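My questions will all concern the structure given below.
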Amino acid sequence: MGLGLLALRASRTSLLGRSSSAISRPGFESGNPNFNLVRWIISTPELQKPEAATASEPAAPPPPPPRTPVGGARVHIEKPEDAIEVFVDGYPVKVPKGMTVLQACELAGVDIPRFCYHNRLSIAGNCRMCLVEVEKSPKPVASCAMPALPGMKIKTDTPIAKKAREGVMEFLLMNHPLDCPICDQGGECDLQDQSMAFGSDRGRFTEMKRSVVDKNLGPLVKTVMTRCIQCTRCVRFATEVAGVEDLGMLGRGSGEEIGTYVEKLMSSELSGNVIDICPVGALTSKPFAFKARNWELKGTESIDVTDAVGSNIRIDSRGPEVMRITPRLNEDINEEWISDKTRFCYDGLKRQRLNDPMIRGPDGRFKSVSWRDALAVVAEAAHQVTPEEIVGIAGKLSDAESMMVLKDLLNKMGSNNVWCEGNGMNPQADLRSGYLMNSSISGLEKADVFLLVGTQPRVEAPMVNARICKTIRATKAKVGYIGPPAEFNYDHQHLGSGPQTLQEIAEGRHPFCSALLSAKNPAIIVGAGLFERKDKDAIFSTIESIAKQAKAVRSDWNGLNVLLLNAAQAAALDLGLVPESENALETAKFVYLMGADDVDLEKLPSDAFVVYQGHHGDKGVYRSNVILPSSAFSEKEGTYENTEGCTQQTLPAVPTVGDARDDWKILRALSEVSGLRLNYTTLGGVRTRISTVAPNLVHMDEREPASFSATLAKPETQQKMSKEDFGVAVENFYMTDAITRASKIMAQCSASLLKK
């Protein structure tokens, strides 16, 4: 007899036995031989009346509540027909065509674990941590590499997906060393977090773990390659963002490791970003090694001032000391990267600092004095000279508030000879379009041809250079460069070294003219190093004629850009810090240096009285008679305008050093002692004063584009271009200002760079 028939008879007997014991009716005793022939009939009114069945059915479940996308992610769908609908754990979500399953899950509010995937890098799909279950798929799929299809039903929380992730995690931990207590990544490690969330509570691997020799990538990045899980994020970052092919994957199987093809350092100005994108402790910060745990640090959102880009940063501090600097997300400026100079210059904030006011004695030595005595000496010296002999110079790192107060104070003294270093002695400050990046930093991605004139973005503004590199990789845009020979991390044509090449392009005699004229959105980027040239008016006039011929300035596109060098330049020109006389320094008897260290004081008369107000004992100190200590950008609230005209703000992360004060407070106190009292006493009052001169400087985190183009309504210049070649604006990328020159880490980088 078949097994199926046996099972059927057994089940029927047991069923009837249970029924007879449960219900007792007259005439139907359990011993009745005809009992097995009884068939129970139950009346179902719903079958006779369908309307009753409809009424008794439970109501349809309410639609699921709207979910918040992971990390506040947003997507803009230009055309409705380009949208497709997918279902993530039963929740419908509309996504544009071409989006991956992982991105669709993020929009649906589901965070998918991942190691190799990064939204700014190409897709590798080699860690397999992002496995999800898709209906009608025979096995789990890697969500980072699978495109979303119409009607796709994605399940992220099923037993199959959980088991798959647990298996992947077990493999990843197989060779991973258990050294979390001594790992600098501890507390902010993706492997730790995902092992807790998706891993097993034990491992089954009993063999010997493999180990890998550490690599020397330079003075900034510490390597412990045994911890590496081969996600290849660092390899893709170096190739795609930094533009250097220094890192690669070597070997196969368990012998696979990441390193340099030949024994060399990582030669990129963005190398520190591999520390942020590494999901484990394989790549960590060498200067920060064993200094602090991340939960001990206080984070303060601020702005970088080492160049004119104004990268968004977070200053992590412990007590009175800055421990590290990390990037903040800003899609329009620095995305989520920062340069090595921005990241590692922080140790310069505690070296060579000025603590107390000092006066130079008759023997040439400085002695510490009180603020009252120092300000009295400065006020007395200022009253002993004529207004024409008073000069004020703002430094590279000056904020808008201090420059406004400096200008007001000198104006009260009767002098208008005040300027910012780097802007030259006769800057064109009438039209903002003449000194701003008019296309904006993010707008450079729309350009299809670049003409770089006297600028090397790789060392002057690495984040602008990263945008250009990104554009070239995406659109194969052409780049022409006029200037001294320089290293670029993308393909370019070196058109010439001086103004002669500009003249040829303006007259249509150069081969690069065809690329400019055929371009849809040509971008011309002029270096601010040209501000120091005597023939700058003629050069800018020639560049404007090239822009006119190439139609680089239109109502929908302004491709004529100036790339500034310093954080203070744009705000200084907006506030009108322009000297009256080009030879003001040669006849000056009272010079006020507000953090200005790179001014050539050789032409200054020997009997001139020099006041140095700054936070570091740098070059300007050696010629000064009085030193007034001020606070650095990490210790004060200050306004800065970047090269594209976006106003941003620094916030105090640590207390000031010694007896230092904010720049504007020192100047305000000096006005009181001098008997030239200014009309404001608070930071809010200074900003109210700024709003009457340059209203754009009080609208925080907003980019104010130039109202008029530099090519409009400008008189013809009679100046002629000289034949002198363009110079190098930045000699040493790692040492450009007082903070970076005081940094020991930057000195090590500079030594490695020069040795290379």
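Find the percent of Cα-Cα distances in the range 500-568 that exceed 20 Å, and round it to a whole number.
31 percent
Something else: Can you show me the helix-derived [θ] at 222 nm for the chain, built from DSSP H runs with n ≥ 4 at -39,500 (n - 2.57) apiece and divided by the number of residues, rounded to the nearest 500.
It lands at -7500 deg cm²/dmol.
Heavy-atom accessible area per residue, the chain, 1.4 Å probe: how many Å²?
Solvent-accessible surface per residue comes out at 47 Å².
Can you list, bin by bin at 5 Å, the percent of alpha carbon pairs in the range 558-712, starting at 0?
In whole percents, the pair-distance histogram is 2, 8, 13, 18, 20, 18, 12, 7, 3, 0, 0.
Hey, any idea what the orientation-averaged projected area of the convex hull of the range 640-705's Cα atoms comes to, in nm²?
In nm², the orientation-averaged hull projection of the range 640-705 is 5.8.
Can you give me the P(r) profile for the range 190-349? Cα pairs, bins 5 angstrom wide beginning at 0, each as a whole percent.
1, 8, 15, 19, 19, 16, 11, 6, 3, 1, 0
Please give the helix 663-674 orientation as an angle from the longest Cα principal axis of the chain, in degrees from 0 to 90, rounded to the nearest 10.
30 degrees
Using the alpha-carbon centroid of each, what span in Å lies between the range 464-522 and the range 638-660?
35 Å
Give the separation of the Cα centroids, the range 145-169 to the range 284-349, in Å.
The two parts, judged by their Cα centres, are 36 Å apart.
Another one. Return the Rg/Rh ratio of the range 417-463 with Cα-based radii and a Kirkwood Rh.
Answer for the range 417-463: 1.02.
If you fit an axis through the alpha-carbon atoms of helix 462-475 and take the longest principal axis of the Cα set of the chain, what angle between them do you get, 0 to 90°, nearest 10?
Taking Cα atoms only, the helix is inclined about 50 degrees.
Based on alpha-carbon atoms only, what is the radius of gyration of the range 71-166 relative to the globular estimate 2.2 N^0.38 Å?
Dividing the Cα radius of gyration by 2.2 N^0.38 Å gives 1.02.
5 Å is the cut-off here: which amide hydrogens, built 1.01 Å from N in the peptide plane, fall below it relative to Leu451, excluding neighbours closer than 5 in sequence?
Gly480, Ala523, Ile524, Ile525
Not counting ligands, DNA or RNA, and with a 1.4 Å probe, what is Arg509's accessible surface area in Å² rounded to the nearest 10?
Here the residue's solvent-accessible area equals roughly 140 Å².
Check the straight Cα-Cα distances from Lys619 and name the lysines below 21 Å, setting aside those fewer than 8 residues away within the same chain.
Answer for Lys619, where 21 Å is the Cα cut-off: Lys341, Lys350, Lys367, Lys396, Lys589, Lys603, Lys744, listed by chain and number.
Explain nothing, just compute: Karplus ³J(HN,Hα) = 6.51 cos²θ - 1.76 cosθ + 1.60, θ = phi - 60°, for every residue of the range 523-534 in order, whole Hz, x for Gly and Pro.
The phi angles translate into 10, 10, 10, 9, x, 6, x, 6, 4, 7, 7, 6 Hz.
Would you mind checking the tilt of helix 371-383 against the longest principal axis of the Cα atoms of the chain, expressed as 0 to 90 degrees and rounded to 10?
Roughly 50 degrees, rounded to the nearest 10.
Run the simple label-point estimate for Arg351 and Lys139 please: 7 Å along Cα→C-beta, distance reported in nm.
5.5 nm
Of Leu172, Pro96, Ile123, which is farthest towards the positive pole of the chain's charge dipole, taken about the Cα centre with +1 and -1 on the beta-carbons of Lys, Arg and Asp, Glu respectively?
Toward the positive end, the furthest listed residue is Leu172.
Count charges around Gly498 for me, please; just the other residues with Cβ under 13 Å from its Cβ, Lys/Arg as +1, Asp/Glu as -1.
In short, -2.
If you don't mind, there's one more thing I want to ask. Leaving out ligands, DNA and RNA, what percent of the accessible area of the chain is carbon and sulfur, probe 1.4 Å?
So the carbon and sulfur contribution to the accessible surface is 53 percent.
log₁₀ I(q)/I(0) of the range 180-285 at q = 0.10 Å⁻¹, via Debye over equal Cα point scatterers, no solvent, to two decimals?
For the range 180-285 at q = 0.10 Å⁻¹, log10 I(q)/I(0) is -0.30.
Mind checking the alpha-carbon convex hull of the chain and giving the volume per residue in Å³?
Output value, Cα hull per residue: 266 Å³.
Still on this structure: Suppose every K and R has +1 on its Cβ and every D and E has -1 on its Cβ; what is the size of the dipole of the chain about the Cα centre, in Debye to the nearest 20?
My answer is approximately 2680 debye.
The values are calculated or read from the model by the stated rules, or taken from the named source; none is laboratory data. Values in this document were obtained by computation on a predicted structure and should not be read as measured data. Heads up, the Cβs are rebuilt from the backbone with ideal geometry, glycines too, and the neighbour counts pull from every protein chain shown. These accessible areas exclude ligands, DNA and RNA; they are computed on the full protein's heavy atoms, side chains included. Shrake-Rupley method; radii C 1.70, N 1.55, O 1.52, S 1.80 Å.
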